[in-house]
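Written below as structure tokens is the structure these notes are about.
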Amino acid sequence: MPAKRLTMRKIREVLRLKFDCRLTNRKIARSCDVARSTVGDYLRRFSDAGLSWSIGDDLDDGHLNRLLFPPPALPSHVERPLPDWAYVHAQLRRKSVTLMLLWQEYKAQYPDGYQYSQFCHRYRQWRGRLDPVLRQHYRGGEILFVDYAGQTVAVFDRKANKVRQAQIFVATLGASNYTYAEATWTQKLPDWIGAHRRAFAIFGGVPEVVVPDNLKSGVKQACFYEPDLNPTYRDMAAHYDTAVVPTRVRKPRDKAKVESAVLVVERWILAALRDRSFMSLSELNDAIAQLLKKLNDRRFQKLPGTRRSMFEKLDKPALKPLPAQPYTFAEWKKARVNIDYHIEVNRHYYSVPYRLIKKQLDVRITANTIECFYNHKRVCSHRRSFVPGRHSTVKAHMPRAHQKWVDWTPDRFVRWAQKIGPNTAKLITKVLASKRHPQQGFRSCLGILRLAKSYGDQRLEAAADRALMIGAKSYTSVASILKHNLDQKPLTAGHGATDIKIDHDNIRGSQYYH
């Protein structure tokens, strides 16, 4: 059975973290919120398919799914002897003993036993059921811990003309304890991503792994297609060629470094600023930067050197280089293509190739652009517009001949409306004629005609009559007439003229424009 799209996104992320970021299966499993055995299965299938990561992005989801999940082979009933995993685990604690050596000894005893890949896979499965307490050691440039401090700082917001509580973002490198801190107005996604971007710039490089707490801005976002990690956060990680490995819930040892850094920032920076007043966020960040320099230059009590000297020695040489351009903040959403081959983003409508009608797309939204993706492939992009209710239509996205559309045509809408009544048919005709392309009016027509299901044909026909009288040509106007029962009130004489005439010096009247 083909894998679901959610699974294919997981598989691509597992492959990226393995081959681009070179993470262990354990870290990949935590980052992608899957079992380590699942990570091993994906990597094994990728290897068995004979694929190369360099061509991974050239395959669409369907092709990649068929290669990774071929029809199952006939089941084998041959029982192979299992190694003594407790013995294997104990031997691995000895110096210079490796899984390869233990496998060779196993094969010498059982020639028909498991091959090396299955031997390692089954050992990791057995080891995953253990609960060892491991002491954590961090290599230079390996991990960056990030979190928000519990304390806030009062700052006067001139735009809001009130005092607000600024949030304090803290980031610390695992090997050197080199610390970065800054103030942001909120802990929401734009501030969260912006703080990461500025922290990377201060460090002058990117760590292999970023470890956040389970903050909703980055992790456990209420998102349909990736509930475990916010897609914007994942997009930022891909841009900087790093991996996000969230801490486990109720596992304080996973974030001991950043908890310690938060405590140090609160004691040596926030406590020192407790009696100061700040009139802007930039003024507060300037004060934090000055105290942060002193903090990183303070000598360790039990170790030689300072955070800065350790950073220069351990972390800085090992950090990955920064990309040529900093990350551009982008939000992601799902959008289904309507019958008019447009999608809706913030009340504006953007065209996509008409062959994608009724398909669900991934939409990447930046300050200036709208990008649409289907099956991991970008299908189109638009310059972002903030004008509500308008259409951004590319002619190349339209069908060459609209007559080829069997299911939805302007004539079909008119015929549907005629079954309700002549006023409804006339209103639908006016809606279609008001658009540069009739297909841009399909969405409004569909909404108007479906009102008959809720209110009945007779009421919709009366509402259409009133809409024609007042010159309304939109779904929202007709829906408002029905909602407020205006269709049940008597119409004025003439069905187009009004009995109410207003005589006022500030009203020019219709004759003024002739």
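The values are calculated or read from the model by the stated rules, or taken from the named source; none is laboratory data. The shown structure was predicted, so the numbers you read here are calculated from the model rather than taken from an experiment. All Cβ positions, even for glycine, are placed from backbone atoms using ideal geometry, and neighbour counts span all protein chains on display. Accessible surface areas use protein heavy atoms only, side chains included; no ligands, DNA or RNA. Shrake-Rupley method; radii C 1.70, N 1.55, O 1.52, S 1.80 Å.
Does at least one position in the range 317-340 carry a residue that is touching a residue at least 40 places away in the same chain (Cβ under 8 Å), part of a helix (DSSP H, G or I) and touching a strand residue (DSSP E or B) at 6+ places or on another chain (Cβ under 8 Å)? Show your work before the answer.
Start the filter on the range 317-340 by keeping residues that are touching a residue at least 40 places away in the same chain (Cβ under 8 Å), which leaves 317-323, 326-327, 329-332, 334, 338-340.
Checking which are part of a helix (DSSP H, G or I) leaves us with 317-318.
Keeping just the survivors that are touching a strand residue (DSSP E or B) at 6+ places or on another chain (Cβ under 8 Å) gives none.
No, there is no match, as no residue in the range 317-340 is touching a residue at least 40 places away in the same chain (Cβ under 8 Å), part of a helix (DSSP H, G or I) and touching a strand residue (DSSP E or B) at 6+ places or on another chain (Cβ under 8 Å).
Taking the criterion of being under 17 Å from L446 (Cβ atoms) and not in a loop (DSSP other than H, G, I, E, B), the residues of the range 341-350 that qualify are H342, I343, E344, Y349. Taking the range 379-393 as the range and being exposed (fewer than 14 other Cβ atoms within 10 Å of the Cβ) and in contact (Cβ under 8 Å) with a residue 24 or more places away in the chain as the test, the residues that pass are F386, V387, P388, G389, R390.
Cβ-Cβ distances below 8 Å connect the following pairs, each with a first residue in the range 170-183 that is on the phi > 0 side of the Ramachandran plot, a second residue that is of a type in the set (A, V, I, L, M, F, W, C) and open to solvent by less than 20 Å² (accessible area, probe 1.4 Å), and a separation of six or more residues or different chains: N177/A261. Considered as a group, the residues in the range 323-337 that are modelled with pLDDT of 90 or more, crowded, with 16+ Cβ neighbours inside 10 Å and not small (G, A, S) include one that is farthest from R234 (Cα to Cα), and that residue is V337. For the range 297-314, the set of residues classified as under 34 Å from the mean Cα position of the chain (by Cα) and either closer than 30 Å to D157 by Cβ or among the aliphatic types (A, V, I, L, M) (or both) consists of L314 only.
For I357, indicate whether it is touching a residue at least 12 places away in the same chain (Cβ under 8 Å) and open to solvent by less than 30 Å² (accessible area, probe 1.4 Å). So I357 fails the test. Pairing residues of the range 153-168 that are within 10 Å of M279 (Cβ to Cβ) with residues that are assigned to a loop (DSSP other than H, G, I, E, B) and of a type outside the set (S, T, Y), at Cβ distances under 9 Å and at least 6 apart in sequence or on separate chains, gives V155/W185; V155/M279; F156/M279; D157/W185; R158/M279. Number of residues in the range 188-209 that are in contact with a helix residue (DSSP H, G or I) (Cβ under 7 Å, 6 or more places away or on another chain) and either under 13 Å from D147 (Cα atoms) or open to solvent by 10 Å² or more (accessible area, probe 1.4 Å) (or both): the value is 4.
Given the criterion at pLDDT 85 or above and open to solvent by 60 Å² or more (accessible area, probe 1.4 Å), identify the matching residue among R16, R5, R44, R66. Give the derivation first.
Numbers: R16 fails: open to solvent by 60 Å² or more (accessible area, probe 1.4 Å); R5 fails: at pLDDT 85 or above; R66 fails: at pLDDT 85 or above.
Among R16, R5, R44, R66, only R44 is at pLDDT 85 or above and open to solvent by 60 Å² or more (accessible area, probe 1.4 Å).
Can you tell me which residues in the range 470-484 are exposed (fewer than 14 other Cβ atoms within 10 Å of the Cβ) and part of a loop (DSSP other than H, G, I, E, B)? Correct list: G471, H484.
Cβ separations smaller than 6 Å between residues 6+ apart or across chains give the following pairs from the range 470-486 residues that are within 16 Å of K453 (Cβ to Cβ) to residues that are surrounded by fewer than 16 Cβ atoms within 10 Å (Cβ to Cβ): Y475/G447. In this structure, is A154 out of contact with any helix residue (DSSP H, G or I) (no Cβ under 7 Å at 6 or more places or on another chain), open to solvent by 10 Å² or more (accessible area, probe 1.4 Å) and at pLDDT 85 or above? In short, yes.
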